[in-house]
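Below is one structure, written out as structure tokens, with a few remarks after it.
The values are calculated or read from the model by the stated rules, or taken from the named source; none is laboratory data. These numbers were taken from a predicted model, which means no experiment stands behind them. Cβ: placed from backbone, ideal geometry, glycine included. Neighbour counts: every protein chain shown. Surface accessibility is based on the protein's heavy atoms, side chains included, excluding ligands, DNA and RNA. Shrake-Rupley method; radii C 1.70, N 1.55, O 1.52, S 1.80 Å.
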Amino acid sequence: DAKKKIETQREEAKTRMEAAREEAKARMETKREEAKQRMSDIRDKKKQELATKLADQFDNLNKKWTNHFTEQLGHLGDILLKIQERADIAASNGKDTSATNAAIQSANTAISTAQSAVTAQAAKTYTLDASTVTTTDTADTASGQEKLIKSLRTAFQDLHKSLFNDLKVLRDGAMKNVRASVQGALQTLSQVPKVDDDSDNISNY
């Protein structure tokens, strides 16, 4: 029953994350079109293609990493389930598993908090804001082209910094808390006297 409940929760989390992405995508559609229009002012076709590729790269990277974090949470959830199963066996044999159960509850809360944080991150968009790409010259002139490229480069660097700062906060915050919480639950389980007499060892976590 616990495994089935966890699987249902995971599917619901994935559905919420995809819905958040689609909503964000729809919300930013106008901004994306404005960015494409601005990049079409680049006369050098190779540079224009590169700029277009970069513009799509940030949201794709965000999707890749949020999917990765979700997979990690699933793996850690599986480990926690095994810990719960071992604790239940130990308890049925009359051993005190209150500390382990409390640690498991704490880890479950950490997983839920992290999944919400991952969903929130998935809903973020990293789209070029065309209004920030300004030049003092018309894009038809050589100097205008130079300034346009420079302005776009700065805008892309800002997007890159913003994306990876957000991912770092998630990785070193909510995700790190989950790993520590699951490790803590495993440690409390190992402190139950002769717990390994009750089930298979999963100390390879």
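With r defined as the distance between the Cβ atoms of residue 22 and residue 150 and R0 fixed at 30 Å, what FRET efficiency is calculated, to the nearest 0.05? Display every interim value, and only then the final one.
Values: r = 34 Å, r/R0 = 1.14.
Result of the calculation: an efficiency of 0.30.
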### Query
So how far apart, in nm, are the two label points at residue 109 and residue 71 if each is 7 Å from Cα heading toward Cβ?
3.0
### Task
Could you pull out every one of the lysines with an alpha carbon less than 19 Å from that of residue 14, ignoring same-chain neighbours closer than 8 positions?
3, 4, 5, 25, 63, 64, 124
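Suppose all protein chains stay in the model; what accessible area per residue would a 1.4 Å probe give for the chain, in Å²? It would help to have the intermediate numbers written out before the result.
Values: 12310 Å² over 205 residues.
Normalised by residue count, the accessible surface of the chain is 60 Å².
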### Message
What distance in nm separates the two pseudo spin-label positions at residue 7 and residue 158, each 7 Å out from Cα along the beta-carbon direction?
### Response
4.8
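If you average the sequence gap of Cα pairs under 8 Å that are 6 or more apart and divide by the length of the stretch 45-155, what percent do you get for the contact order? Don't skip to the end; give the middle numbers.
Numbers: 56 pairs, mean separation 32.3, N = 111.
In percent, rounded to a whole number, it is 29.
How would you classify the chain from its alpha-carbon gyration tensor, with a ≥ b ≥ c the square roots of the eigenvalues: rounded for a/c under 1.5, else prolate if a/b is greater than b/c, otherwise oblate?
Values: a/c = 4.50, a/b = 3.38, b/c = 1.33.
In terms of gyration-tensor shape, prolate.
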### Query
How much of the accessible area of the stretch 1-157, in percent, comes from carbon and sulfur atoms when a 1.4 Å probe is used?
51
#### Entry: Difference of contour (0.36 nm per residue) and Cα-Cα distance, residue 194 to residue 180
2.7 nm
#### Entry: Computed Kirkwood radius, in angstrom, where 1/r is averaged over Cα pairs of the stretch 1-93
16.8
### Query
According to a simple spin-label model (label point 7 Å from Cα along Cα-to-Cβ), what is the distance in nm between residue 98 and residue 49?
6.9
### Message
Counting only helical runs of four or more DSSP H residues, what would the 222 nm mean residue ellipticity of the chain come to if each run contributes -39,500 (n - 2.57) and the total is spread over all its residues?
### Response
-26500 deg cm²/dmol
### Message
I need the calculated FRET efficiency for the pair residue 171 and residue 85, taking r as the beta carbon distance and R₀ as 41 Å, to the nearest 0.05.
### Response
0.90
### Task
Starting from the Cα of residue 64, move 7 Å in the Cα-to-Cβ direction to define the label point; list residues of the stretch 142-161 whose amide nitrogen is under 19 Å from there.
156-161
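Determine, for each peptide in 99-106, 15-22, the mean count of other beta carbons within 10 angstrom over its residues, then list the peptides with the highest first.
Working: 99-106: 18.8, 15-22: 15.0.
Ranking, from highest mean packing down: 99-106, 15-22.
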